[in-house]
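Worksheet: the structure to be examined is printed underneath.
The values are calculated or read from the model by the stated rules, or taken from the named source; none is laboratory data. Keep in mind that this is a model prediction, so the values were computed, not measured. No Cβ is skipped: glycine too gets one built from the backbone with ideal geometry, and neighbour counts run over all protein chains shown. We work out accessible area using only protein heavy atoms, side chains counted, and drop any ligands, DNA or RNA first. Shrake-Rupley method; radii C 1.70, N 1.55, O 1.52, S 1.80 Å.
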Amino acid sequence: MGWAIAIHGGAGDIPLSLPPEQRQPREEALQHCLQIGVEALQAKKHPLDVVELVVRELENIPHFNAGKGSVLTNKGTIEMEASIMDGRTKKCGAVSGLKTVVNAISLARLVMEKTPHIYLGFDGAEEFAKEQGVETVDSSHFVTAENVERLQHAQKANIVQIDYSTQPLQKGTKKEEPSVANGDSQLGTVGCVAVDSNGNLASATSTGGLVNKMVGRIGDSPIIGGGTYANELCAVSATGKGEAILRATVARDVAALMEFKGVSLKEAANCVVHERTPKGTVGLVAVSAGGEVAMPYNTTGMFRACATQDGYSEVAIWSAS
């Protein structure tokens, strides 16, 4: 048994031709955040603290669809969401509809620790943030020129991008339209899972949602058992098409297969991703209590990174083959 950590920055139809000027900053960001997590685990920090720390950092990097990089709704507004879960206690917290909170993941943890509830959304979540004194800014802080352009592209084509890291879907049809030609829209939800040398587990996920989503839409990232789950066996954070992840209860299903069928983490994760969800819809990162890591995806690629106590480390987007 040893510590392990895995992070993701979105799964989807990421083109192999993604230009270096778009690929490298994201790879460097993943490596940077991975190192932060590794150092925290080496310093004996609890996995709950580790996943919050790493996801906060990812939220502050505009190359991903969370925090500063959050995409815009069909009204040109920001609605961020996140969730966090501790494996041993199964305590968890979630938030949706945030417009001014700098780090959604930290507010989710405060919901877990400071309220009798699990989930707060929209005006109630914003009011709670003010009561707790968390850092807030004017919502214009989150609106980047890149995301304004992405919204304009989506609205001009009358499309809703099902997940920021996947191709958009024509409204009212099943015909897929091409994403932004240069692949710059190929990034998404962020997440982190970690286990320490004592087998304590935690998971955290954060997102800005969908490009051109309806105001009020809630995806899988803040849903416990959908995009985030942890128990005494494993911790899971999912990314991809939110509606597909919700239908398949992806994160919980990985844990359930381990719990009720007694399979390994990798077997469970591969089963959920490759056998129980439609191709092109999902990726996930997961760790087990024993320090095993799994990062399967059924999309073209997934921005991901992991490290283990035995010295293994990886930052990748596509399959090695």
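Note down the accessible area of residue 89, probe 1.4 Å, to the nearest 10 Å².
Its heavy atoms expose roughly 80 Å² to the probe.
Amide H of residue 301 versus every other amide H placed in the peptide plane: which residues, excluding those fewer than 5 positions away on the same chain, fall under 5 Å?
Answer set, sorted by chain and number: 12, 14.
Please list 3J(HN,Hα) in residue order for the range 7-16, calculated via the Karplus relation 6.51 cos²θ - 1.76 cosθ + 1.60 where θ = phi - 60°; whole Hz, with x for glycine and proline.
9, 9, x, x, 10, x, 7, 7, x, 4
Per DSSP H run of n ≥ 4, the term is -39500 (n - 2.57); total these for the chain, divide by its residue number, and report the mean residue ellipticity at 222 nm rounded to 500 deg cm²/dmol.
Helix-only estimate at 222 nm: -9000 deg cm²/dmol.
Could you tell me whether the range 180-321 comes out rounded, prolate or oblate from its Cα gyration tensor? Rule is a ≥ b ≥ c as square roots of the eigenvalues, rounded for a/c under 1.5, then prolate if a/b exceeds b/c, otherwise oblate.
In terms of gyration-tensor shape, prolate.
Ignoring everything but the protein chains, give the 1.4 Å probe accessible area of residue 312 in square angstrom, nearest 10.
For residue 312, the solvent-accessible surface is approximately 120 Å².
Per-residue accessible area for residue 75 at 1.4 Å probe radius, Å² rounded to 10?
150
Filter the cross-link list 213/266; 68/213; 45/90 down to pairs whose alpha-carbon distance in this structure exceeds 23 Å.
From 213/266; 68/213; 45/90, over 23 Å: 213/266.
Could you check what % of the DSSP bridge pairs in the chain are antiparallel, to the nearest 5?
Roughly 90 percent of the DSSP beta bridges within the chain come out antiparallel.
Mind listing the long-range amide H neighbours of residue 229? Cut-off is under 5 Å, sequence gap 5 or more, other chains count too, H placed in the peptide plane at 1.01 Å from N.
So residue 229 has HN proximity to 236.
Among 111, 24, 291, flag the residue with its Cα farthest along the positive direction of the charge dipole of the chain, charges on Cβ as +1 for Lys/Arg and -1 for Asp/Glu.
111
When the solvent-accessible surface of protein heavy atoms is calculated with a 1.4 angstrom probe, in what order do 56, 150 fall, highest first?
Ranked list, largest accessible area first: 56, 150.
Might you report the magnitude of the Cβ-based charge dipole of the range 265-321 about its Cα centre, with Lys and Arg at +1 and Asp and Glu at -1, to the nearest 20 debye?
In total the dipole reaches around 220 debye.
Largest first, what is the accessible-area ranking of 146, 27 with a 1.4 Å probe?
The most accessible residue leads, giving 146, 27.
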